[in-house]
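The values are calculated or read from the model by the stated rules, or taken from the named source; none is laboratory data. As the structure is a computational prediction, the values presented were derived from the model and not from experiment. Backbone-built Cβ (ideal geometry, glycine too); neighbour counts: all protein chains shown. Note: accessible area is taken over every heavy atom of the protein model, side chains too, but ligands, DNA and RNA are not part of it. Shrake-Rupley method; radii C 1.70, N 1.55, O 1.52, S 1.80 Å.
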Amino acid sequence: MKIGIAADHGGFALKQVIHPFLTEAGHEVTDFGAYSENNKDDYPDFVVPLAKAVAGNEVERGIAICGSGVGAAIVANKVAGVRAALIHDHFSAHQGVEDDDMNLLCLGGRVTGNMAAEELILAFLKARFTGAERHLRRLQKVEQLEHKH
Ligand code: RB5
């Protein structure tokens with residue numbers, strides 16, 4: 001699968017762990033930065049290019065990491081076509097895809113440990129949107145908001 005990753009300084013260390021993890025699992029990974037740890041960098045500078053790549057289908061899924069994952073989720077959802085969420089638990093990592101067609105996983109590099117992050121990522125990547133009528137109906141309501149606002 002084509003996967004994009006991005007992180008600010010708060011998520012940099014975790015990004016450096018998940019990049020080889022994804023590559024070794026056979027995924028094609030595009031790293032949208034940061035490419036070095038700089039405490040003065042800003043998460044929108046890395047997460048927005050990733051979010052645009054997800055929305056434009058340049059990558060199938062995205063993983064964005066900041067310190068808490070909160071800022072990454074907030075900014076990623078400003079890009080139309082992105083359905084991002086901050087995830088801490090296994091159930092939401094796959095159910096967010098199955099029901100809500102989540103296409104961008106946000107993690108907190110200062111919150112979630114490396115092994116837990118890898119398990120959340122595996123659950124996210126294995127999951128597929130069910131396409132059930134009720135979920136499509138809900139997504140259409142979300143998409144209408146993107147066009148109106
Ligand atoms: C950066 O210090 C930190 O605020 C950022 O990584 C993130 O946690 C924002 O949500």
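Here are the numbers:
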quantity: Residue list for the stretch 88-104, restricted to those being open to solvent by less than 30 Å² (accessible area, probe 1.4 Å) and under 27 Å from Lys148 (Cβ atoms); calculated: Gly96, Val97, Met102, Asn103, Leu104
quantity: Qualifying residues in the stretch 77-90 (those that are small (Gly, Ala, Ser) and either without any contact (Cβ under 8 Å) to a residue 24 or more places away in the chain or within 16 Å of the ligand (Cβ to nearest atom) (or both)) - the one farthest from Val47 (Cα to Cα); calculated: Ala85
quantity: Exclusive hit being over 18 Å from Met1 (Cα atoms), open to solvent by 30 Å² or more (accessible area, probe 1.4 Å), within 16 Å of the ligand (Cβ to nearest atom) and out of contact with any Leu (no Cβ under 8 Å at 6 or more places or on another chain), set Glu37, Glu146; calculated: Glu37
quantity: Every residue from the stretch 7-31 that is touching a residue at least 12 places away in the same chain (Cβ under 8 Å) and charged (D, E, K, R); calculated: Asp8, Lys15, Glu28, Asp31
quantity: Checklist (1) closer than 18 Å to Gly109 by Cβ; (2) not acidic (Asp, Glu); (3) not in a helix (DSSP H, G or I) applied to Asn57, failing item; calculated: (1)
quantity: Cβ-Cβ under 8 Å pairs, at least 6 apart or on other chains, the stretch 65-76 side over 17 Å from Ile18 (Cβ atoms) and in a helix (DSSP H, G or I), far side within 6 Å of the ligand (Cβ to nearest atom) and of a type in the set (Phe, Trp, Tyr); calculated: Gly71/Tyr43; Val75/Tyr43
quantity: Those residues of the stretch 121-137 which are under 16 Å from Ile5 (Cα atoms) and surrounded by fewer than 18 Cβ atoms within 10 Å (Cβ to Cβ), in sequence order; calculated: Leu122
quantity: Qualifying residue in the stretch 75-95 (condition: in contact with a Lys or Arg (Cβ under 8 Å, 6 or more places away or on another chain) and either modelled with pLDDT under 95 or not hydrophobic (A, V, I, L, M, F, W, C) (or both)); calculated: yes
quantity: Scan of the stretch 6-31 for residues that are within 15 Å of the ligand (Cβ to nearest atom) and either closer than 19 Å to Asn57 by Cα or part of a loop (DSSP other than H, G, I, E, B) (or both), ordered by number; calculated: Ala6, Asp8, His9, Gly10, Gly11
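For every residue, the table says whether it meets (1) over 13 Å from the mean Cα position of the chain (by Cα); (2) crowded, with 23+ Cβ neighbours inside 10 Å.
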site	(1), (2)
Ile5	no, yes
Asp8	yes, yes
Lys15	no, yes
His27	yes, no
